[in-house]
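Working notes for the structure below.
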(Lines give C-alpha, C1' and ligand atoms only; values in the text may rest on other atoms or scores of the structure.)
Protein backbone atom coordinates (compact mmCIF):
# COMPACT_ATOMS: atom_id res chain seq x y z
CA UNK A 1 0.00 0.00 0.00
CA UNK A 2 1.01 3.61 -0.35
CA UNK A 3 2.33 5.40 2.72
CA UNK A 4 -1.00 7.21 3.19
CA UNK A 5 -2.78 3.85 3.47
CA UNK A 6 -0.53 2.75 6.34
CA UNK A 7 -1.02 6.16 7.93
CA UNK A 8 -4.80 5.69 7.90
CA UNK A 9 -4.50 2.32 9.63
CA UNK A 10 -2.27 3.83 12.32
CA UNK A 11 -4.75 6.66 12.92
CA UNK A 12 -7.58 4.14 13.18
CA UNK A 13 -5.73 2.30 15.93
CA UNK A 14 -5.06 5.56 17.82
CA UNK A 15 -8.52 7.10 17.60
CA UNK A 16 -10.63 3.94 17.63
CA UNK A 17 -13.64 3.19 15.45
CA UNK A 18 -16.24 5.48 17.03
CA UNK A 19 -16.28 7.94 14.11
CA UNK A 20 -18.26 6.21 11.37
CA UNK A 21 -17.28 8.76 8.74
CA UNK A 22 -13.58 8.30 9.52
CA UNK A 23 -13.87 4.52 9.36
CA UNK A 24 -15.53 4.80 5.92
CA UNK A 25 -12.56 6.77 4.59
CA UNK A 26 -10.15 4.16 5.97
CA UNK A 27 -12.07 1.33 4.28
CA UNK A 28 -11.97 3.06 0.89
CA UNK A 29 -8.23 3.66 1.18
CA UNK A 30 -7.38 0.13 2.35
CA UNK A 31 -9.35 -1.32 -0.61
CA UNK A 32 -6.77 0.24 -2.91
CA UNK A 33 -4.58 -2.57 -4.30
CA UNK A 34 -0.89 -2.26 -5.06
CA UNK A 35 0.08 -2.64 -8.71
CA UNK A 36 3.55 -2.21 -10.22
CA UNK A 37 4.32 -1.40 -13.86
CA UNK A 38 7.69 -2.73 -15.03
CA UNK A 39 8.77 -0.99 -18.23
CA UNK A 40 11.47 -2.31 -20.55
CA UNK A 41 12.95 0.90 -22.02
CA UNK A 42 14.30 -0.85 -25.15
CA UNK A 43 11.27 -3.01 -25.97
CA UNK A 44 9.36 -2.19 -29.16
CA UNK A 45 9.28 1.26 -30.70
CA UNK A 46 6.68 2.97 -28.50
CA UNK A 47 7.43 6.22 -26.66
CA UNK A 48 7.81 5.18 -23.01
CA UNK A 49 7.05 8.67 -21.65
CA UNK A 50 3.67 8.60 -23.38
CA UNK A 51 2.99 5.19 -21.85
CA UNK A 52 3.70 6.51 -18.36
CA UNK A 53 1.31 9.42 -19.00
CA UNK A 54 -1.40 6.98 -20.10
CA UNK A 55 -0.85 4.90 -16.96
CA UNK A 56 -1.13 8.02 -14.82
CA UNK A 57 -4.23 9.19 -16.68
CA UNK A 58 -6.24 5.98 -16.96
CA UNK A 59 -5.42 3.78 -13.95
CA UNK A 60 -8.37 3.90 -11.54
CA UNK A 61 -6.87 5.29 -8.31
CA UNK A 62 -9.85 4.20 -6.23
CA UNK A 63 -9.01 0.63 -7.18
CA UNK A 64 -5.22 0.65 -7.69
CA UNK A 65 -2.18 2.22 -6.03
CA UNK A 66 0.31 2.20 -8.93
CA UNK A 67 4.07 2.53 -9.09
CA UNK A 68 6.27 2.55 -12.19
CA UNK A 69 9.83 1.26 -12.54
CA UNK A 70 12.22 0.76 -15.49
CA UNK A 71 14.42 -2.26 -16.03
CA UNK A 72 18.16 -1.63 -16.15
CA UNK A 73 19.61 -4.94 -17.37
CA UNK A 74 18.64 -8.40 -18.61
CA UNK A 75 16.90 -10.35 -15.86
CA UNK A 76 16.09 -7.22 -13.85
CA UNK A 77 12.35 -7.57 -14.50
CA UNK A 78 12.37 -11.03 -12.88
CA UNK A 79 14.11 -9.68 -9.78
CA UNK A 80 11.66 -6.78 -9.50
CA UNK A 81 8.64 -9.05 -9.97
CA UNK A 82 9.88 -11.39 -7.23
CA UNK A 83 10.32 -8.43 -4.88
CA UNK A 84 6.82 -7.09 -5.55
CA UNK A 85 5.31 -10.56 -5.12
CA UNK A 86 7.11 -10.93 -1.77
CA UNK A 87 5.65 -7.55 -0.74
CA UNK A 88 2.14 -8.86 -1.43
CA UNK A 89 1.35 -6.76 -4.51
CA UNK A 90 -1.94 -7.64 -6.17
CA UNK A 91 -0.46 -7.39 -9.67
CA UNK A 92 2.73 -6.66 -11.59
CA UNK A 93 2.34 -5.42 -15.17
CA UNK A 94 4.90 -6.19 -17.88
CA UNK A 95 5.20 -3.22 -20.24
CA UNK A 96 7.07 -4.61 -23.23
CA UNK A 97 7.15 -7.56 -25.60
CA UNK A 98 7.18 -11.30 -25.02
CA UNK A 99 10.73 -11.14 -23.66
CA UNK A 100 9.65 -8.68 -20.96
CA UNK A 101 6.53 -10.73 -20.27
CA UNK A 102 8.75 -13.80 -19.86
CA UNK A 103 10.96 -12.06 -17.31
CA UNK A 104 8.07 -10.66 -15.25
CA UNK A 105 6.05 -13.88 -15.41
CA UNK A 106 9.13 -15.88 -14.37
CA UNK A 107 9.21 -13.89 -11.15
CA UNK A 108 5.49 -14.37 -10.47
CA UNK A 109 5.20 -18.15 -10.98
CA UNK A 110 3.62 -20.02 -8.06
CA UNK A 111 2.65 -16.79 -6.25
CA UNK A 112 -0.67 -15.05 -5.62
CA UNK A 113 0.48 -11.93 -7.50
CA UNK A 114 -1.12 -11.67 -10.94
CA UNK A 115 0.65 -10.79 -14.17
CA UNK A 116 -0.72 -7.86 -16.15
CA UNK A 117 0.39 -7.00 -19.68
CA UNK A 118 0.68 -3.79 -21.69
CA UNK A 119 2.01 -5.15 -25.00
CA UNK A 120 4.42 -2.91 -26.90
CA UNK A 121 6.76 -5.50 -28.41
CA UNK A 122 7.30 -6.83 -31.91
CA UNK A 123 5.20 -10.00 -31.65
CA UNK A 124 3.12 -9.85 -28.44
CA UNK A 125 2.14 -13.52 -28.67
CA UNK A 126 1.12 -13.86 -25.01
CA UNK A 127 -1.11 -10.78 -25.08
CA UNK A 128 -2.67 -11.69 -28.42
CA UNK A 129 -3.51 -15.19 -27.20
CA UNK A 130 -5.35 -13.72 -24.21
CA UNK A 131 -7.02 -11.05 -26.36
CA UNK A 132 -5.37 -8.15 -24.54
CA UNK A 133 -5.57 -5.00 -26.61
CA UNK A 134 -2.45 -3.85 -28.47
CA UNK A 135 -3.58 -0.23 -27.96
CA UNK A 136 -1.83 1.00 -24.84
CA UNK A 137 -4.75 3.08 -23.58
CA UNK A 138 -7.15 0.15 -23.92
CA UNK A 139 -4.72 -2.24 -22.23
CA UNK A 140 -4.36 0.16 -19.28
CA UNK A 141 -8.11 0.68 -18.98
CA UNK A 142 -8.70 -3.07 -19.10
CA UNK A 143 -6.84 -3.38 -15.79
CA UNK A 144 -9.68 -1.43 -14.16
CA UNK A 145 -12.15 -4.07 -15.30
CA UNK A 146 -10.05 -7.21 -15.01
CA UNK A 147 -10.07 -10.53 -13.21
CA UNK A 148 -7.32 -13.12 -12.66
CA UNK A 149 -7.27 -16.48 -14.39
CA UNK A 150 -4.76 -19.26 -13.75
CA UNK A 151 -2.71 -20.52 -16.71
CA UNK A 152 0.04 -23.00 -17.50
CA UNK A 153 3.62 -22.26 -18.33
CA UNK A 154 6.38 -24.54 -19.61
CA UNK A 155 10.06 -25.29 -19.08
CA UNK A 156 12.74 -25.89 -21.69
CA UNK A 157 15.46 -27.44 -19.54
CA UNK A 158 15.71 -24.94 -16.64
CA UNK A 159 14.29 -21.96 -18.56
CA UNK A 160 10.59 -21.06 -18.17
CA UNK A 161 8.60 -19.93 -21.20
CA UNK A 162 5.00 -18.87 -21.64
CA UNK A 163 4.19 -18.74 -25.37
CA UNK A 164 6.44 -20.93 -27.51
CA UNK A 165 9.90 -22.45 -27.70
CA UNK A 166 11.55 -24.18 -30.59
CA UNK A 167 14.40 -24.96 -32.89
CA UNK A 168 15.01 -24.64 -36.60
CA UNK A 169 14.33 -21.69 -38.86
CA UNK A 170 12.42 -19.63 -36.28
CA UNK A 171 15.27 -20.05 -33.77
CA UNK A 172 17.77 -18.76 -36.33
CA UNK A 173 15.57 -15.72 -37.03
CA UNK A 174 15.23 -15.02 -33.29
CA UNK A 175 19.00 -15.12 -32.96
CA UNK A 176 19.53 -12.66 -35.80
CA UNK A 177 16.70 -10.35 -34.72
CA UNK A 178 18.18 -10.08 -31.22
CA UNK A 179 21.50 -8.98 -32.72
CA UNK A 180 19.92 -6.45 -35.09
CA UNK A 181 20.27 -2.76 -34.39
CA UNK A 182 16.58 -2.07 -35.07
CA UNK A 183 13.44 -3.49 -33.45
CA UNK A 184 9.94 -3.92 -34.85
CA UNK A 185 8.03 -6.23 -37.17
CA UNK A 186 9.61 -4.85 -40.36
CA UNK A 187 13.09 -5.83 -39.16
CA UNK A 188 11.82 -9.28 -38.23
CA UNK A 189 10.24 -9.73 -41.67
CA UNK A 190 13.44 -8.63 -43.42
CA UNK A 191 15.40 -11.41 -41.72
CA UNK A 192 12.76 -13.99 -42.64
CA UNK A 193 12.87 -13.06 -46.32
CA UNK A 194 16.67 -12.84 -46.41
CA UNK A 195 17.34 -16.20 -44.73
CA UNK A 196 14.52 -18.32 -46.07
CA UNK A 197 16.15 -19.42 -49.33
CA UNK A 198 19.48 -20.36 -47.75
CA UNK A 199 18.17 -22.24 -44.72
CA UNK A 200 18.68 -26.03 -44.74
CA UNK A 201 16.26 -28.28 -42.79
CA UNK A 202 17.75 -30.56 -40.13
CA UNK A 203 17.07 -34.06 -38.85
CA UNK A 204 15.26 -34.37 -35.50
CA UNK A 205 14.13 -37.19 -33.25
CA UNK A 206 11.13 -36.09 -31.17
CA UNK A 207 10.05 -38.33 -28.30
CA UNK A 208 6.97 -38.18 -26.05
CA UNK A 209 4.68 -40.75 -24.44
CA UNK A 210 1.92 -39.79 -26.88
CA UNK A 211 3.93 -39.89 -30.14
CA UNK A 212 7.52 -40.21 -31.34
CA UNK A 213 9.15 -39.74 -34.73
CA UNK A 214 12.42 -39.12 -36.52
CA UNK A 215 12.05 -36.65 -39.34
CA UNK A 216 13.77 -33.97 -41.37
CA UNK A 217 12.11 -30.67 -40.44
CA UNK A 218 12.17 -26.98 -41.24
CA UNK A 219 11.29 -26.21 -37.63
CA UNK A 220 9.99 -27.79 -34.43
CA UNK A 221 7.84 -25.72 -32.06
CA UNK A 222 6.51 -26.50 -28.58
CA UNK A 223 3.62 -24.18 -27.78
CA UNK A 224 1.73 -23.13 -24.69
CA UNK A 225 0.09 -20.22 -26.55
CA UNK A 226 -1.44 -20.51 -29.99
CA UNK A 227 1.00 -18.25 -31.83
CA UNK A 228 4.53 -16.91 -32.16
CA UNK A 229 3.11 -13.39 -32.27
CA UNK A 230 1.86 -10.99 -34.93
CA UNK A 231 -1.16 -13.30 -35.34
CA UNK A 232 1.03 -16.08 -36.83
CA UNK A 233 -0.81 -19.11 -35.41
CA UNK A 234 1.77 -21.90 -35.36
CA UNK A 235 -0.38 -23.91 -32.89
CA UNK A 236 -3.97 -22.74 -33.45
CA UNK A 237 -5.52 -25.34 -31.09
CA UNK A 238 -3.19 -24.55 -28.16
CA UNK A 239 -4.65 -23.63 -24.80
CA UNK A 240 -2.92 -22.09 -21.80
CA UNK A 241 -5.20 -23.99 -19.46
CA UNK A 242 -5.22 -27.61 -20.72
CA UNK A 243 -2.01 -28.79 -19.04
CA UNK A 244 -0.51 -29.78 -22.40
CA UNK A 245 2.06 -28.60 -24.93
CA UNK A 246 1.17 -28.43 -28.62
CA UNK A 247 4.02 -29.89 -30.66
CA UNK A 248 4.23 -28.64 -34.26
CA UNK A 249 6.68 -30.05 -36.81
CA UNK A 250 6.98 -28.37 -40.21
CA UNK A 251 8.46 -30.66 -42.87
CA UNK A 252 10.45 -29.37 -45.85
CA UNK A 253 8.16 -27.94 -48.52
CA UNK A 254 8.44 -26.77 -52.14
CA UNK A 255 8.37 -23.12 -53.16
CA UNK A 256 4.89 -23.59 -54.59
CA UNK A 257 3.55 -24.35 -51.10
CA UNK A 258 4.63 -21.03 -49.57
CA UNK A 259 1.46 -19.00 -50.34
CA UNK A 260 -0.81 -21.72 -48.94
CA UNK A 261 1.29 -22.17 -45.80
CA UNK A 262 1.37 -18.41 -45.20
CA UNK A 263 -2.40 -18.19 -45.62
CA UNK A 264 -3.02 -21.07 -43.21
CA UNK A 265 -0.54 -19.66 -40.69
CA UNK A 266 -2.50 -16.42 -40.34
CA UNK A 267 -5.95 -18.00 -40.74
CA UNK A 268 -5.52 -20.42 -37.80
CA UNK A 269 -5.44 -23.53 -39.98
CA UNK A 270 -1.72 -24.36 -40.32
CA UNK A 271 -2.41 -27.71 -38.62
CA UNK A 272 -4.44 -28.72 -41.68
CA UNK A 273 -1.40 -28.51 -43.99
CA UNK A 274 0.08 -31.71 -45.44
CA UNK A 275 3.50 -30.45 -44.33
CA UNK A 276 2.53 -30.15 -40.67
CA UNK A 277 2.56 -32.84 -37.98
CA UNK A 278 1.06 -31.82 -34.63
CA UNK A 279 0.09 -33.46 -31.36
CA UNK A 280 -0.32 -32.67 -27.66
CA UNK A 281 1.99 -33.86 -24.89
CA UNK A 282 2.87 -33.13 -21.27
CA UNK A 283 6.57 -33.36 -22.01
CA UNK A 284 8.81 -33.99 -24.99
CA UNK A 285 12.47 -34.59 -25.78
CA UNK A 286 13.96 -33.09 -28.96
CA UNK A 287 17.21 -34.64 -30.22
CA UNK A 288 19.11 -32.70 -32.88
CA UNK A 289 22.23 -33.46 -34.86
CA UNK A 290 24.29 -31.06 -32.74
CA UNK A 291 23.97 -28.22 -30.26
CA UNK A 292 22.80 -24.92 -31.65
CA UNK A 293 20.17 -22.21 -31.79
CA UNK A 294 16.98 -22.52 -29.79
CA UNK A 295 14.46 -19.91 -28.70
CA UNK A 296 11.99 -19.38 -25.87
CA UNK A 297 9.33 -16.67 -26.22
CA UNK A 298 11.36 -15.27 -29.10
CA UNK A 299 14.56 -14.97 -27.06
CA UNK A 300 17.54 -16.83 -28.58
CA UNK A 301 19.64 -19.28 -26.63
CA UNK A 302 22.23 -21.93 -27.48
CA UNK A 303 21.26 -25.38 -26.23
CA UNK A 304 22.72 -28.88 -26.43
CA UNK A 305 21.71 -31.45 -29.02
CA UNK A 306 19.18 -33.04 -26.64
CA UNK A 307 16.57 -30.68 -25.20
CA UNK A 308 13.76 -31.52 -22.75
CA UNK A 309 10.51 -29.54 -22.64
CA UNK A 310 7.63 -29.96 -20.18
CA UNK A 311 4.41 -28.23 -19.17
CA UNK A 312 3.82 -26.85 -15.66
CA UNK A 313 0.03 -26.70 -15.24
CA UNK A 314 -1.99 -24.02 -13.43
CA UNK A 315 0.92 -22.09 -11.97
CA UNK A 316 0.56 -18.43 -13.04
CA UNK A 317 -2.18 -15.88 -12.35
CA UNK A 318 -2.86 -13.46 -15.22
CA UNK A 319 -5.19 -10.45 -15.41
CA UNK A 320 -7.62 -10.57 -18.33
CA UNK A 321 -10.73 -8.63 -19.18
CA UNK A 322 -13.58 -9.50 -16.83
CA UNK A 323 -16.12 -11.82 -18.43
CA UNK A 324 -19.69 -11.49 -17.23
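The values are calculated or read from the model by the stated rules, or taken from the named source; none is laboratory data. Fair warning: this is a prediction, and the values are worked out from it, not measured in the lab. Backbone-built Cβ (ideal geometry, glycine too); neighbour counts: all protein chains shown.
Some notes on this structure:
- Single residue of 238, 315, 231 found to be under 28 Å from residue 145 (Cα atoms) and surrounded by 20 or more Cβ atoms within 10 Å (Cβ to Cβ): 238
- Index of the failed condition, residue 237 passing every other in (1) farther than 28 Å from residue 93 by Cβ; (2) outside any loop (DSSP other than H, G, I, E, B); (3) in contact with a helix residue (DSSP H, G or I) (Cβ under 9 Å, 6 or more places away or on another chain); (4) at pLDDT 95 or above: (2)
- Qualifying positions in region 298-324 - more than 25 Å from residue 90 (Cα to Cα) and in contact with a helix residue (DSSP H, G or I) (Cβ under 8 Å, 6 or more places away or on another chain): 298, 299, 300
- Out of 66, 41, sole residue that is within 17 Å of residue 121 (Cβ to Cβ) and in the same structural domain as residue 106 (by TED's automatic domain parsing): 41
- In region 263-303, the residues that are over 24 Å from residue 242 (Cα atoms), surrounded by fewer than 19 Cβ atoms within 10 Å (Cβ to Cβ) and over 23 Å from the mean Cα position of the chain (by Cα): 263, 274, 275, 287, 289, 290, 291, 292
- Entry remark, region 101-124: residues being assigned to a helix (DSSP H, G or I) and at pLDDT below 95 number 0 in total.
- Against the conditions (1) closer than 30 Å to residue 158 by Cα; (2) assigned to a helix (DSSP H, G or I), residue 51 satisfies every one except (1).
- Of note, residue 246 does not satisfy the criterion of being surrounded by fewer than 20 Cβ atoms within 10 Å (Cβ to Cβ) and touching a strand residue (DSSP E or B) at 6+ places or on another chain (Cβ under 8 Å).
- Restricting region 250-262 to residues that are in contact with a helix residue (DSSP H, G or I) (Cβ under 9 Å, 6 or more places away or on another chain) and surrounded by 12 or more Cβ atoms within 10 Å (Cβ to Cβ), the residue that is farthest from residue 168 (Cα to Cα) is 261.
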